Amino acid sequence: MRPRISPALAKTLSFAAVHFTVAFTLGWLLTGSILVGSVLALVEPACNTIAYHFHERLWARRSARRRRRVRDAAPARREDHDLRASASAA
């Protein structure tokens, strides 16, 4: 059985492949040097890929926190509604 890759990691790796390709092509076209294109393709996207992975994790954590807040606030809203309904009936 193959080990499963998390969706965030798969997305990061896909992004890295595109980014490496673009960085190499632009570096090579702008300088005419395969060496410079290769160095740019390794250094710049590697840094961005690492940053992107953590960026995605932060956004996922933020979304989870927001979902928890909404979930936790839902019973309080029902209690407020029940209290208002009781007060208006009295």
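Among the numbered criteria (1) in a helix (DSSP H, G or I); (2) of a type in the set (D, E, K, R); (3) open to solvent by 90 Å² or more (accessible area, probe 1.4 Å), which single criterion is violated by E56?
Every condition holds for E56 apart from (3).
Cβ-Cβ under 8 Å, sequence separation 6+ or interchain: first residue in segment 12-37 and open to solvent by less than 90 Å² (accessible area, probe 1.4 Å), partner of a type in the set (F, W, Y) and modelled with pLDDT of 90 or more. Which pairs?
Between residues of segment 12-37 that are open to solvent by less than 90 Å² (accessible area, probe 1.4 Å) and residues that are of a type in the set (F, W, Y) and modelled with pLDDT of 90 or more, the close pairs are V36/W28; G37/F24; G37/W28.
In segment 59-83, how many residues are at pLDDT 90 or above and either open to solvent by less than 100 Å² (accessible area, probe 1.4 Å) or touching a strand residue (DSSP E or B) at 6+ places or on another chain (Cβ under 9 Å) (or both)?
4
The values are calculated or read from the model by the stated rules, or taken from the named source; none is laboratory data. For clarity, every value in this text was computed on a predicted model and none was experimentally measured. Backbone-built Cβ (ideal geometry, glycine too); neighbour counts: all protein chains shown. Each accessible area value is taken on the protein alone, full model and side chains, heavy atoms only, with ligands, DNA and RNA left out. Shrake-Rupley method; radii C 1.70, N 1.55, O 1.52, S 1.80 Å.
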